[in-house]
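Report on the structure given below.
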Amino acid sequence: MKLTPKYIFAIKMIIHLLSLSFVGLLVFQTLSGGLGADPAQGISHYTGKAALNTLIITSLISPLAKFFRQGRLIKVRRLIGLYSFFWAVLHLLGYLALDLNFNWPLLASELASRPYLTLGAASWLILLVLTVTSPQKIQRRLGSRWQKLHNWIYLALILSPIHYYWSVKSGLTEPVLYILATLILLSLRYKTFMRWLPAFFALSRTTSPRS
């Protein structure tokens, strides 16, 4: 059975309902003290994992659409990607407000001195660029460059679980599982990923300072 536009609309409604329910759960747990003795850390972990989970789901859409021969399934990818950036924004705002009290000079210092924050910031910026360039009007303007740009999601997929792994001091099992899940996902898109790698290294060479 092929997915019709009505089914796609229903799937999008389910995505909205699930995403908003998780937002409601975050608010409820915050107000009820369900995030533990350190609510700031609880909010950081909740929003960070939500951003990572939705990023992984976004990257799964194309392999699933190809495997089940459901081309219309691609139409829900942008929506899930937007929610991934939404959670990433909440993750950053929580860190800025609760850990740094919106101290921007301190943020710059932290990004420079803590590698896991540097990776997180790089992944966040990639998601920002992908979100800004996701509307169809911008896709048409960019043409073939749009797909090359959006292949940078692979770098975000690599950096995000490493950011998670380096950020925790104990309980490494979960971040390791995320890293393994990412590697499996990248293996599913091996050919596309390998086509993207040369472009990434070429850009790295052109942007690196000359000796």
Counting only backbone N atoms under 14 Å from a point 7 Å out along Cα-to-Cβ of Leu25, the residues of the range 54-71 in range are 54
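Of the chain, which part is the longest with no chymotrypsin sites (Phe, Trp or Tyr not before Pro) in a loop (DSSP not H, G, I, E, B) and with at most 12 other C-beta atoms within 10 angstrom? Provide the component values of the computation, followed by the final result.
Working: sites that count: Phe68, Phe102.
Formally, the longest exposed-site-free interval is 103-211.
Between Leu172 and Ala37, take the C-beta separation as r, use R0 = 25 Å, and let me know the FRET efficiency to the nearest 0.05. Walk me through the numbers on the way to the answer.
Details: r = 21 Å, r/R0 = 0.83.
Here the calculated transfer efficiency is 0.75.
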Lys/Arg Cβ at +1, Asp/Glu Cβ at -1, dipole of the chain taken about the Cα centre: which of Gly48, Ile126, Gly36 is farthest positive-ward?
-> Ile126
On a C-alpha basis, how far is the centre of the range 140-165 from the centre of the range 67-134 in Å? Whole number, if you could?
-> 12 Å
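Would you mind checking the pairs Lys49/Lys75; Lys66/Lys148; Lys148/Lys169 and listing those with alpha carbons more than 28 angstrom apart? Let's see the in-between values first.
Numbers: Lys49/Lys75 24 Å; Lys66/Lys148 19 Å; Lys148/Lys169 36 Å.
Violating the 28 Å limit, Cα to Cα: Lys148/Lys169.
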Counting only DSSP loop positions in the range 1-38, the trypsin sites (Lys or Arg not before Pro) whose Cβ has at most 10 other Cβ atoms within 10 Å are Lys2
The list (1) 54, 49, 34; (2) 52, 49, 28; (3) 44, 38, 29 gives values of Cα extents along the principal axes in Å, and only one came from this structure; which label was calculated from it?
-> (1)
Determine the relative contact order of the chain: mean sequence separation of Cα pairs under 8 Å and six or more apart, normalised by residue count, in whole percent.
-> 18 percent
Where in the range 141-163 is the amide nitrogen less than 14 Å from a point lying 7 Å along the Cα-to-Cβ axis of Thr118?
-> 163
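Throughout, read-outs are computed from the coordinates displayed, never taken from laboratory work. Fair warning: this is a prediction, and the values are worked out from it, not measured in the lab. Virtual Cβ from ideal backbone geometry, glycine too; neighbours counted across all protein chains shown.
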